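The values are calculated or read from the model by the stated rules, or taken from the named source; none is laboratory data. All of these numbers come straight from a predicted model, not from anything done at the bench. Cβ placement follows ideal geometry from the backbone for every residue including glycine, while neighbour counts extend to all protein chains displayed. Ligands, DNA and RNA are stripped out before the accessible areas are found, and what is left, the full protein with its side chains, is counted by its heavy atoms. Shrake-Rupley method; radii C 1.70, N 1.55, O 1.52, S 1.80 Å.
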Amino acid sequence: MNIVFRADASNSIGSGHIMRCMTLASELKKHNHEISFICKETEGDLINFIKDNNFKEYSISNSKWEEDAIETINILGKINPDLLIIDHYSIDIKWEKKVSSFVNKILVIDDLANRQHHCDYLLDQNFFVQENDRYKNLLSINTIQLIGSKYALLRNEFTENKKGLFKKTIKNFFVYFGAADISNETQKVLSALIEISKDFEITIDVVIGYSNSNKDELYEIYEKYPFINLHKQTNEISKIMGKSDISIGAGGSTTWERCCIGLPSIVIPVASNQILPMEELSKAKAIILIKDPSIDEYKQVVLKTLKMTFNEINQLIQNGFQIFDGLGVKRVTKIINEMK
């Protein structure tokens, strides 16, 4: 099958759309599907990252939806895809109807449930206690809905590297706030952890994203600390998580990865669309949630976490395991394989 993804990344919207599409694309490639991406050229677009992972990429330049659709149609006309997968908050029913005659089927990845879609399949991989009515009146009655955490698009490495139950003192921290980290949460967290290191023996692994505008400053400030290990954006995140005791990071798909692998997490929503899903996970006692934290609040929450009992931490891990089993990408791939 010839499959095309329409998704973007930038310094303003982050990398989440591209990264979860890359996860699905990598699994689909194993099943001999031909994969291409259509992306808008902009600062922080991850186009080179897509190419480095051996996927075809076609670039567009317009921002108005009509022009975006026309540019996309021109590309679709050249490659004749069977399936178009859309992961984009600025695309809705108008764009989808305009391009629909140039593809056999459309699958939309969404998690906002705030606009109508014209598609054959709708995938929303977030965890919600009440899932059934999320897209009421937003889809055709013929649209097949793939709703819930069982469809979470996690790379296989997070299933393969599950940590199991927590059995030791918290000493090793994992810090990651996505590709961009617009609000520079990384620096706030590291400032808090450095204060804590005066009284506790800790080590810190920090992943700094491709599009992080503060990356040079972060390296300059923190590479002098022997207990802080700085990593550029890497595909080895599961291995770093595997040796960590606790994580501090943004909401979104990385939270699912942490739950799946068994890494208890302090989570901070860094975008409006992350707030509700993270509140749901907090209610399910699968994460420790804080909102808009200062350096001092980071410090206080970490200190409180360091005093948690083994039973309390293990319950976080167990709850996360139950919600995210790591098999979502295989379930979605199976559905795509069975499309006619």
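Residue pairs, Cβ under 6 Å, 6 or more apart or interchain, first in the range 226-247 and within 22 Å of Pro269 (Cα to Cα) and at pLDDT below 90, second open to solvent by 10 Å² or more (accessible area, probe 1.4 Å) and part of a loop (DSSP other than H, G, I, E, B). List them.
If the second residue must be open to solvent by 10 Å² or more (accessible area, probe 1.4 Å) and part of a loop (DSSP other than H, G, I, E, B), the pairs left are Gln233/Tyr210; Ser238/Asn161.
Which ones in the range 98-124 are under 17 Å from Leu24 (Cα atoms) and touching a residue at least 40 places away in the same chain (Cβ under 8 Å)?
Taking the range 98-124 as the starting set, the residues that turn out to be under 17 Å from Leu24 (Cα atoms) are 105-111, 121-124.
Across the range 98-124, the qualifying residues are Lys105, Leu107, Ile109, Asp111, Tyr121, Leu123.
When the residues of the range 271-327 are filtered to those that are under 25 Å from Arg155 (Cβ atoms), part of a helix (DSSP H, G or I) and among the small types (Gly, Ala, Ser), which remaining residue is most open to solvent (accessible area, probe 1.4 Å)?
Ser282
Whether any residue in the range 196-207 is in a helix (DSSP H, G or I) and touching a helix residue (DSSP H, G or I) at 6+ places or on another chain (Cβ under 7 Å) is what I want to check.
Yes - at least one qualifying residue is present in the range 196-207.
Take Ile336 and decide whether it is surrounded by 19 or more Cβ atoms within 10 Å (Cβ to Cβ) and either at pLDDT below 90 or touching a Gly at 6+ places or on another chain (Cβ under 6 Å) (or both). Before the answer, list the steps.
Details: surrounded by 19 or more Cβ atoms within 10 Å (Cβ to Cβ): yes; either at pLDDT below 90 or touching a Gly at 6+ places or on another chain (Cβ under 6 Å) (or both): no.
No.
Does Ile288 fit the bill of being modelled with pLDDT of 95 or more and at negative phi?
Working: modelled with pLDDT of 95 or more: yes; at negative phi: yes.
Against the criterion (modelled with pLDDT of 95 or more and at negative phi), Ile288 qualifies.
Name the single residue that is most open to solvent (accessible area, probe 1.4 Å) among those in the range 63-90 being within 13 Å of Arg6 (Cβ to Cβ) and part of a loop (DSSP other than H, G, I, E, B).
Once the filter is applied, the top-ranked residue is Ser90.
Please verify whether the range 200-223 includes one or more residues that are within 19 Å of Gln300 (Cβ to Cβ), open to solvent by 30 Å² or more (accessible area, probe 1.4 Å) and of a type outside the set (A, V, I, L, M, F, W, C). Steps first, please.
If we filter the range 200-223 for residues that are within 19 Å of Gln300 (Cβ to Cβ), which is where we start, we get 200, 202, 204.
Next, only the ones that are open to solvent by 30 Å² or more (accessible area, probe 1.4 Å) stay: 200.
The next check asks that each one be of a type outside the set (A, V, I, L, M, F, W, C); those that pass are none.
No; the residues of the range 200-223 include none that is within 19 Å of Gln300 (Cβ to Cβ), open to solvent by 30 Å² or more (accessible area, probe 1.4 Å) and of a type outside the set (A, V, I, L, M, F, W, C).
Looking at the range 16-58 only, could you name the residues that are buried (at least 20 other Cβ atoms within 10 Å of the Cβ), part of a helix (DSSP H, G or I) and among the basic types (Lys, Arg)?
Passing the criteria: only Arg20.
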